[in-house]
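*Asks:* Quick one: the structure is below, questions incoming.
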Amino acid sequence: MSAMAATPDPTAASAIDGVRVVALRRIPDERGTIYHMLRRTDEHFVEFGEIYFTTVYRGIVKGWHRHRLMTLNYACIAGRVKLVLYDDRADSPTRGTLMERFLGPDDYSLVVIPPEIWTGFKGLTDEAIVANCATHPHDPSNTERIDPFGGAIPYDWAVRNH
């Protein structure tokens, strides 16, 4: 999917086993906009650990990282990012699969990322804000990080002209 694509199909299946993409609601009026993200009554809600927001600048890559226990719930609430996931779980039917999703004004979605999935994202606007409602408080001892340009994951972060 390119960054300029039409509104994505909210029912589209995920390329990686266990990853869910859920279309989110925006409710605009003359006062501003409400951005829905996650409710405890949502069928994809697991539990609450912490919520945080991270900014990323144009062209900067944050990744690769994976969490042993934590499920991530990502939504891009301002700007645009390219989210990339990689599945190298030994017992996964989608082992070796990469998934790319452009989140932002064209695709306001929640991406539910189970434990053990490699995650990274790249800023595509001057500044983007990604919200994460995680199932566990962050614990560095349960997180693994590798260089996004080191070649361990078969992904090239450069701009591609499709």
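*Asks:* Could you look through segment 43-64, keep only residues that are part of a loop (DSSP other than H, G, I, E, B) and of a type outside the set (Gly, Ala, Ser), and pick out the one that is surrounded by the fewest Cβ atoms within 10 Å (Cβ to Cβ)? Walk me through it before giving the result.
*Replies:* We begin by selecting, within segment 43-64, every residue part of a loop (DSSP other than H, G, I, E, B); these are 43-49, 59-60.
Cutting the leftovers down to of a type outside the set (Gly, Ala, Ser) gives us 43-48, 60.
Numbers: GLU43: 6, HIS44: 13, PHE45: 15, VAL46: 17, GLU47: 9, PHE48: 14, ILE60: 15.
Going through the qualifying residues, I end up with GLU43.
*Asks:* All but one of (1) of a type outside the set (S, T, N, Q); (2) out of contact with any strand residue (DSSP E or B) (no Cβ under 9 Å at 6 or more places or on another chain); (3) more than 22 Å from HIS138 (Cβ to Cβ) hold for PRO28; which doesn't?
*Replies:* (2)
*Asks:* From the set of residues in segment 65-123 that are under 17 Å from TRP157 (Cβ atoms) and β-branched (Val, Ile, Thr), which is surrounded by the fewest Cβ atoms within 10 Å (Cβ to Cβ)?
*Replies:* Here the answer is THR119.
*Asks:* Now for a separate question. Among the candidates ARG95, ARG89, ARG145, which residue alone is charged (D, E, K, R) and within 20 Å of THR54 (Cα to Cα)? If you could, list the steps in order and put the result at the bottom.
*Replies:* Numbers: ARG95 fails: within 20 Å of THR54 (Cα to Cα); ARG89 fails: within 20 Å of THR54 (Cα to Cα).
On inspection, the qualifying residue turns out to be ARG145.
*Asks:* Of all residues in segment 1-42, which are at pLDDT 95 or above, under 23 Å from THR125 (Cα atoms) and open to solvent by less than 50 Å² (accessible area, probe 1.4 Å)?
*Replies:* VAL21, VAL22, LEU24, GLY32, MET37
*Asks:* Would you check which residues across segment 120-162 are within 20 Å of VAL56 (Cα to Cα), of a type in the set (Ser, Thr, Tyr) and either touching a helix residue (DSSP H, G or I) at 6+ places or on another chain (Cβ under 8 Å) or not in a loop (DSSP other than H, G, I, E, B) (or both) and list them?
*Replies:* THR143
The values are calculated or read from the model by the stated rules, or taken from the named source; none is laboratory data. Keep in mind the model is a prediction, meaning the values are calculated, not measured. Neighbour counts run over all protein chains shown; Cβ positions are idealised from the backbone, glycine included. Calculation scope for accessible area: heavy atoms of the full protein, side chains included, ligands and nucleic acids excluded. Shrake-Rupley method; radii C 1.70, N 1.55, O 1.52, S 1.80 Å.
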